[in-house]
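The values are calculated or read from the model by the stated rules, or taken from the named source; none is laboratory data. Quantities reported herein were computed from a predicted structural model and do not represent experimental measurements. Note that each Cβ is placed from the backbone with ideal geometry, even for glycine, and that neighbours are counted across all protein chains shown. Areas reflect the complete protein model, heavy atoms only, side chains present, ligands, DNA and RNA absent. Shrake-Rupley method; radii C 1.70, N 1.55, O 1.52, S 1.80 Å.
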2 protein chains.
Amino acid sequence: MPAWRDELSVAEAEFLAERLIAGLPEPEFREAEATVAPLGLRGTGDLGCIIERASGTVVIVETTTNSILGEVTGLGDLSHASIVFSRDQRYAYVFGRDGGLTKIDLLGRRIVRRVIQGGNSIGGAISQDGKWVAVSNYEPGGVRIFDSDTLDLVADVPATGGSKTVGLVEAPDHRFVWSLFDSDEIWVARFRGPGDLTIHKFTEIGAKPYDAMITPDGRHYVAGLFGEDGMALIDLWDLESGVRRVVDEQGRGDEKLPVYKMPHLEGWAMTNAHSYLPAVGRNRVLCLDGTGFKVFDRVDVHGRPVFVVAAPDGRRLWVNFAYPDNGVVQVIDTQSRRVVKRLEPGPGVMHMEFTPKGERIWISVRDANKVEIYDAYAMTKVGELPVTKPSGIFFTHRAGQLGK
Amino acid sequence: MPAWRDELSVAEAEFLAERLIAGLPEPEFREAEATVAPLGLRGTGDLGCIIERASGTVVIVETTTNSILGEVTGLGDLSHASIVFSRDQRYAYVFGRDGGLTKIDLLGRRIVRRVIQGGNSIGGAISQDGKWVAVSNYEPGGVRIFDSDTLDLVADVPATGGSKTVGLVEAPDHRFVWSLFDSDEIWVARFRGPGDLTIHKFTEIGAKPYDAMITPDGRHYVAGLFGEDGMALIDLWDLESGVRRVVDEQGRGDEKLPVYKMPHLEGWAMTNAHSYLPAVGRNRVLCLDGTGFKVFDRVDVHGRPVFVVAAPDGRRLWVNFAYPDNGVVQVIDTQSRRVVKRLEPGPGVMHMEFTPKGERIWISVRDANKVEIYDAYAMTKVGELPVTKPSGIFFTHRAGQLGK
């Protein structure tokens, strides 16, 4: 049994017990790799992580000379895994699908601590001040908040009727916001430390919010709805204004899509003036004005868009697609709103991440076991790294961005 | 003689000779402090620099627990000094008024290299890809470009008729942009490496551009004019569209202000929808719409504004003022466009810098020898550091931001 299993908190032990009683398989753990040497004195502004989903591994990379610096194994089930970074950019918090929350030391190339905080989780967030890490859970529903330094549990917030909890983001001024899939709610929580939690609950926000995003300015929280068309919008600067319905044409319409076909809202791209999001169940990207969240144009694309990623300068959007069109990436010019480039990186394009200032974009190509690196302006390939079944790519500059 | 003086390049030696021939005093140099221990393994995302103008020193700080980590001395004349960071956030490039360009290792707490690249310089920039550092000079005019790794001179771009060169910024896709004060020009240069430089020159752009800024998306370059009212705008996405005159009410009007009374354009704040800039020679902040650069409102303030700084969430603006009103900071709410708070940090408020996600703001109070730290939401003081005659404050997350 790995050493860290001795460090289970009471909450973790209870959770494991519940899971075993419920007949769920015990999560599989792997011991961290034998100690490797730390990287030595270096900056952390050009670091990043790539998730190797199948093997429970995170690959540590740097984007200055485009190289692999190491890997950390033993992270459990990393399907749909996501990552946030500590505010000093030394540590990564990995949210696994199996409820695992793992703190990785990027410079030390090792696991600092790993806790199994829930049974089936779907992402997390780090507070604006970097002190707290929150995780939203499917099973049991609810949100758990941890000290970002120690990963000690500091707050446990059950959901109404045990609802699945999704779309968790951090918001300015000590807040976390999340949606309750089964009870049709959005909760805005202010957490200033253990024992100091207040929650503003919005009910009847629309049927079955399945994911959500926060605008880069931290002002608007938008939840996608699985149970009906449109999206639910909350203005965090004015909670009294309540929930507003926007983007009526966004939805399943008459098609009854399964929930896993609904695009994640991280796929929503915002530039200064506009925002762009994947249309549900259509080969289309929707173009919205920046303040009214009204659709003013639509761009036809190659397949069902998954991620629409805006370059940091807002000039172009890079779009990938769902199976069976997931071998292609299209680039849209935001002024003409036309596709200006079609790329074929290879089978299973999963994710795209721009370098901090946007000179290059990294693309994970799962079924070709590689990450390709493109000049974002010339739109030509300038590098490639071997990575086993890569999915998410996360660079450390996210540490300084709201909602990332 | 300090060891690094043995390392003068031919260009540097020529410059020094020219300076001596012209009867200008030889720049004063100080040896770097005795070797100090490096900081050891740590992240660099929460680091920053504060300029101690009078003593030629840069103080290294961190913003997680708000402490001073060290200082680097021997940087020459740091009046109006500014700083950019390497893309890995380990190194700071300090642009001194005396033409000194110094590369500091934040983790090593030491000078890596220092070159005297011009006689009287006014700021610099680092390329989007982090490879090149450019400096704009008053005397002699023109721009010099250096390898960011070695500080070797890689390009020397003289100005028309030796014009003073100002408002230098980096722009996306391998570009630097600057203005020529004496010849009324703006130059857009594409530099891909030694020997690969092309320049698009705009002439007759308006009388005497004295400073400039680039919008955070890297699209628009705006120069302030000393010789007439209004500002000169270039759309870097469409150079053929030429120069456009905007913000006609911005200018000296009938008052003939000296150039040092013109507010620096770093004092221009942009949020998602709008931008805000200090009115020249008036107790007023101008509010512009984000795309047309048209004034839609004006906010009366306490004195002549110097810096208008927007919180990362765009909700509030923090404003400081010129002498004799430089003991006050006012906070403006961007929705109501009213002053919602007046603070008196102390005499000589010089600069303000938000932490990466905007939970706190640091304020340098020169004549009280301190830097004050405020909770950006409560607008209350939460900390203070002793710093001798502090001026500019620069945090490392700028490394990931266009134009910073």
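With a Förster radius of 30 Å applied to the C-beta separation of B:ARG190 and B:THR291, the computed FRET efficiency comes to 0.75. Considering only B:ALA125, B:ALA37, B:ALA232, the mean-square fluctuation computed in a Gaussian network model of chain B, springs between alpha carbons under 10 angstrom, is largest for B:ALA37.
Taking θ as phi - 60° and the Karplus parameters 6.51, -1.76 and 1.60, the scalar couplings of segment A:319-331 work out to 10, 10, 9, 6, 3, x, 9, 8, x, 10, 10, 10, 10 Hz in sequence order, x denoting glycine and proline.
For A:CYS287, the solvent-accessible surface computed with a 1.4 Å probe is close to 0 Å², ligands and nucleic acids excluded. Computed from phi, the 3J(HN,Hα) profile of segment B:338-352 under the Karplus parametrisation 6.51, -1.76, 1.60 (θ = phi - 60°) reads 10, 6, 10, 7, 10, 10, 10, x, x, x, x, 5, 9, 7, 9 Hz, with x in place of Gly and Pro. Under a model in which nothing but the beta-carbon of Lys, Arg (+1) and Asp, Glu (-1) is charged, chain A shows a dipole of about 940 debye around its Cα centre.
Near B:VAL329: Cβ cut-off under 12 Å, other residues only, Lys/Arg at +1 and Asp/Glu at -1. The net charge is +1. Result for chain A in a Gaussian network model with C-alpha springs under 10 Å: among A:ASP238, A:ASP375, A:ASP325, the largest mean-square fluctuation is at A:ASP238.
The phi torsions of segment B:113-125, fed into the Karplus equation with coefficients 6.51, -1.76 and 1.60 and a -60° offset, translate into couplings of 7, 9, 10, 9, 9, x, x, 7, 10, 9, x, x, 8 Hz, rounded to whole numbers, with Gly and Pro shown as x.
All other residues whose Cβ lies under 12 angstrom from that of A:ILE51 are scored, Lys and Arg at +1 and Asp and Glu at -1, for a net of 0.
Placing a label point 7 Å from Cα along the Cα-to-Cβ direction at B:ARG342 gives distances to the equivalent points in the other copies of 6.4 nm, listed shortest first. Among the listed pairs A:LYS357/A:LYS389; A:LYS404/B:LYS381; A:LYS103/B:LYS357; B:LYS103/B:LYS131; A:LYS357/B:LYS103, those with a Cα-Cα distance over 23 Å are A:LYS357/A:LYS389; A:LYS404/B:LYS381. Comparing A:VAL112, A:VAL36, A:VAL243 in a Gaussian network model of chain A (Cα springs below 10 Å), the most mobile by mean-square fluctuation is A:VAL36.
Computed over chain B, relative contact order equals 10 percent, with contacts defined as Cα pairs under 8 Å that lie 6+ residues apart.
Solvent-accessible area lost on pairing A with B (1.4 Å probe, both sides summed) amounts to about 4000 Å².
The charge dipole of the protein assembly as shown, taken about the Cα centre with unit charges on the Cβ atoms of Lys, Arg (+1) and Asp, Glu (-1), comes to about 440 debye, rounded to the nearest 20. With the charge dipole of the protein assembly as shown set up from +1 on Lys and Arg Cβ and -1 on Asp and Glu Cβ about the Cα centre, the Cα lying farthest toward the positive end among the listed residues A:ALA37, A:VAL299, A:LEU78 is that of A:VAL299. Closest approach of a chain A beta carbon to the axis mapping chain A onto chain B (residue, whole Å): A:THR44, 3.
Projecting label points 7 angstrom from Cα along Cα→Cβ for B:GLU228 and A:ASP152 puts them 6.7 nm apart.
Take every Cα pair under 8 Å whose residues are at least 6 apart in sequence, average their separation, divide by the length of segment A:74-209, and the relative contact order is 14 percent. Considering only A:VAL243, A:THR271, A:TYR221, and ranking their Cα positions along the charge dipole of chain A that arises from unit charges at the beta-carbon of Lys, Arg, Asp and Glu, the one farthest toward the positive end is A:THR271. Take every Cα-Cα pair in segment A:62-118 and report what % of them are more than 15 Å apart. The calculated P(r) of segment A:62-118 puts 50 percent of pairs beyond 15 Å.
Taken about its Cα centre, segment B:361-404 carries a charge dipole of roughly 200 debye when the Cβ of each Lys and Arg holds +1 and the Cβ of each Asp and Glu holds -1. Summing -39500 (n - 2.57) over the DSSP H runs of n ≥ 4 in chain B and dividing by its residue number, what mean residue ellipticity at 222 nm do you reach, to the nearest 500 deg cm²/dmol? For chain B, the value works out to -1000 deg cm²/dmol. For segment B:145-270, what is the Kirkwood hydrodynamic radius in Å, using each pair of distinct C-alpha atoms? Kirkwood radius, segment B:145-270: 15.1 Å. Electrostatic bookkeeping for A:TYR138 treats Lys and Arg as +1 and Asp and Glu as -1; over the other residues with beta carbon under 12 Å from its beta carbon, the sum is -1.
Based on the convex hull around the alpha carbon atoms, the protein assembly as shown presents an average projected area of 32.7 nm².
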